[in-house]
Structures are given as structure tokens and as C-alpha cells.
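To keep things clear, I will list the structure first and then write my remarks on it.
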Amino acid sequence: MNTWTRRGLRWLAGTALVLGALATGISAMDAPLSVPPPGADLPHAWPAARIPSGLAFSVIPTSQSKGAFEALLVGGGSWLRYRHPAHVAVLVRHPQGNLLFDTGLGRQVDAQFAVNGFMDRQFFGYEQVKPAVDQLAQAGWTPDRIQRIVPSHMHWDHVSALPDFPDAEVWVNRTELDHARQGHAPAFLASQFKGVRHWHDLQFTPTPYMGYPQSLDLFGDGAVVLVPLSGHTAGQVGMFLTLPSGQRYFFTGDTTWTIEGLQKPADRSWALRQIVHVDHDVPANQAAIVRVHQLMQRFPDLKVVPAHDENVLKTLPHFPAFQG
């Protein structure tokens, strides 16, 4: 081994040690969130529901992120795991009508996304786009079979496909819609929603549901119940889904990007939050994380689905398969 080779190896080893120390120091800033004892508002049993036999759901994967180290996506995550967060739509088939919870990326996403600057295009880059409307068409579904779209929130990667379903009612609460209209790229892209023809003002009722002070029972049978999950955005919503089998799901939008964030519980990484303004209201979003964590502790059979967790989403039925 010559002198230059030895020097090169020493330089690489030194660089690795420095990077390792830096990563360790950054990770030390990511303490788990404090979890108080659950209050009396968190019930010990699920409310009665009349679940129709025809109810089923399916996940439509439309794209994936170009990827990031897990340690950036969730506090305490690994620097040795590289994750590819997914962009999906969730199709709920109910006897009273079909709905999408989020749309994933749509046919016009490249043109929509082009307004971003160079750095944002790199940071939020996506790949392998397969719009939901095209996958539905391959299975014989026309766009008008989707009667409702309920975005968890109005960020670009959740409403890109709104133009692909022009006849659908788009259910958004006034707070979230105002937040989106006043927002700007890269989080909100006006071209995605300015042409919506059928807005529906999503209004919660003062009926508590599973620890949330308000709720909206979409079909009146307890099968699909929306709850407020503000924090990540001003008016984000979550969706509880109860199947005929008795299995229950909770789709939590972008409260966290990974299930690990809800299990620990932990926020997104400290380092990422210094670089990117991720959440509209950080304390409110952290409180939302803790509440979901408490639900998971009390109801271990509840399947919680963060919108982008590719590992969780892999375990769910992918269109055209359904689970009921």
C-alpha cells in the first residue's frame, strides 16, 4: 500500500468519524415527546356503528418520493435506513357512494410542480407517477364514479389529482381552504385547486369521537368518521374507517410521515425542522401526535396509517384489490 493510498484511507476514515459524530449530535436533539396520562375524554370502548356489508377500501399508490434518510423524517430515526415516502389515494367504496381520501399525484403534476424553485424541486422530488384516474380507468372505473374527495389537507402532494375528477364534490373545511388560498409554493400550488367546480364546506358537529371534541359521520352509520387534526396545516382532518370485518383504521394525514413517529412518539427531526417550515402550528401538531399515540396504546388493534409511510401502506390492499 503506497503513501497516497494510506493517506486517502485515513482521510475517508476521518471524514466518516466526523459525519458520524455530526449525525449523533443532531440525533441528540430529537427527544421523544412527553406523554401525559390520558384524560377522561379518551374512551375505553368504541361507539356503536351500523357498518354496511358492501363497505370496502383500497389504496391507490400514485408515486413515491425520491427519498430521504429516516433520521430526517422522524426524530430518533436511523441514518442507515433510506426511506421512499409514498404518495397515495385511499378509495373507500360505500353503498352510498365512493370517495377518495387524498388524491395522490395526478396527470398534471409535472406542470403544477414546475412553479417551484430548483432547491424545492430537488427536496420534494417525486418519481414513478401513476395517476389514480388512470389506474381506475384500467379497471373500468370512470372518473364520475368518485362522488366525493376528502383531502386530509391541501398540500400539493395530497390534492394534485383534483383536476382529474372534475365532477366530484371536494369536502374541505373553511379554515383549511382559506389556509391553502393564502398559501404559496412549495406547500400549496393554486393550479391544483383553483378550477374546482364543486366545493363542499366540511363542517364538524359537536359530537365527540374517540377523544376528539368534534367529528363528522360522513354516511351516518359510523363507518367513516372524520375528526379535526390541525397542526400540520390549519385544518387537517383524519379519517376513522370501520370495516364489516370489525377491523378499524385511522388515517392520520401528515401528522407524522412515519408510524415510528406515532409509536415513540416523536416529531419530525430537529435538523429538518431547522431547514424547512413543515408544520403550521408545531405545538398543536405535537399534541396531535401524542393523542394518536395514546389511542394506539389504548386500542392496540387499531391500524394507524400515516399518509406517506410506505412500509405501512405496503400491508394494505392495493387497487384493484379491496378489503372489507
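The values are calculated or read from the model by the stated rules, or taken from the named source; none is laboratory data. Quick caveat: nothing in here was measured; it's all calculated off a predicted structure. Cβ coordinates were reconstructed from backbone atoms using ideal geometry, including for glycine residues, and neighbour counts include every protein chain displayed.
Quick test of your reading of the structure: F319 fulfils all but one of (1) under 19 Å from P213 (Cα atoms); (2) in contact with a Leu (Cβ under 8 Å, 6 or more places away or on another chain). Name the failing condition by number.
(1)
Which one of V92, V133 is in a helix (DSSP H, G or I), in the same structural domain as S160 (by TED's automatic domain parsing), closer than 27 Å to V224 by Cα and within 20 Å of the chain's Cα centre (by Cα)?
Criteria check complete, one pass: V133.
This table checks each residue for (1) farther than 30 Å from F118 by Cβ; (2) aliphatic (A, V, I, L, M); (3) without any contact (Cβ under 8 Å) to a residue 24 or more places away in the chain.
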| site | (1), (2), (3) |
| --- | --- |
| A137 | yes, yes, yes |
| H158 | no, no, no |
| F165 | yes, no, no |
| Q203 | yes, no, no |
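Could you list, in sequence order, all residues of region 136-173 that are of a type in the set (D, E, K, R) and over 17 Å from the mean Cα position of the chain (by Cα)?
Residues satisfying the conditions are D144, R145, R148, D164, D167, E169.
Name the residues in region 293-312 that are part of a loop (DSSP other than H, G, I, E, B) and either modelled with pLDDT under 95 or buried (at least 19 other Cβ atoms within 10 Å of the Cβ) (or both), would you?
Scanning region 293-312 gives P306, A307, H308, D309.
Where residues in region 106-115 are of a type in the set (A, V, I, L, M) and surrounded by fewer than 17 Cβ atoms within 10 Å (Cβ to Cβ), which of them is nearest to P143 (Cα to Cα)?
A111
Taking interchain pairs and intrachain pairs at least six residues apart, which have beta carbon atoms under 7 angstrom, with the first residue in region 281-298 and assigned by TED's automatic domain parsing to the domain that holds H153 and farther than 17 Å from G235 by Cα and the second assigned to a helix (DSSP H, G or I) and of a type in the set (A, V, I, L, M, F, W, C)?
Pairs found: H293/L262; M296/L262.
Can you tell me which residues in region 174-194 are within 17 Å of the chain's Cα centre (by Cα) and either within 24 Å of G97 (Cβ to Cβ) or not assigned by TED's automatic domain parsing to the domain that holds H232 (or both)?
E176
Give me a count of the residues in region 114-130 that are farther than 19 Å from P163 by Cβ and part of a loop (DSSP other than H, G, I, E, B).
Adding up the residues that qualify gives 4.
Filter region 219-231 for residues that are crowded, with 21+ Cβ neighbours inside 10 Å and in contact (Cβ under 8 Å) with a residue 60 or more places away in the chain and give the result.
Those that are crowded, with 21+ Cβ neighbours inside 10 Å and in contact (Cβ under 8 Å) with a residue 60 or more places away in the chain: A223, V224, L226, L229.
Select from region 237-249 the residues that are buried (at least 23 other Cβ atoms within 10 Å of the Cβ) and touching an Asp or Glu at 6+ places or on another chain (Cβ under 9 Å) and list them in ascending order.
The answer is V237, and nothing else.
Can you tell which of A266, A234 is more than 27 Å from T207 (Cβ to Cβ), small (G, A, S) and either in contact (Cβ under 8 Å) with a residue 12 or more places away in the chain or surrounded by 21 or more Cβ atoms within 10 Å (Cβ to Cβ) (or both)?
A266
Could you go through region 42-57 and let me know if any residue there is touching a residue at least 12 places away in the same chain (Cβ under 8 Å), surrounded by fewer than 17 Cβ atoms within 10 Å (Cβ to Cβ) and part of a strand (DSSP E or B).
Among the residues of region 42-57, not one is touching a residue at least 12 places away in the same chain (Cβ under 8 Å), surrounded by fewer than 17 Cβ atoms within 10 Å (Cβ to Cβ) and part of a strand (DSSP E or B), which makes the answer no.
Given the residues T103, T142, which is the only one that is out of contact with any Cys (no Cβ under 8 Å at 6 or more places or on another chain), within 22 Å of V170 (Cβ to Cβ), surrounded by 14 or more Cβ atoms within 10 Å (Cβ to Cβ) and among the hydroxyl-bearing types (S, T, Y)?
Criteria check complete, one pass: T103.
Does region 313-321 contain any residue that is out of contact with any His (no Cβ under 6 Å at 6 or more places or on another chain), modelled with pLDDT of 95 or more, assigned to a loop (DSSP other than H, G, I, E, B) and surrounded by 16 or more Cβ atoms within 10 Å (Cβ to Cβ)?
Yes, that holds for at least one residue.
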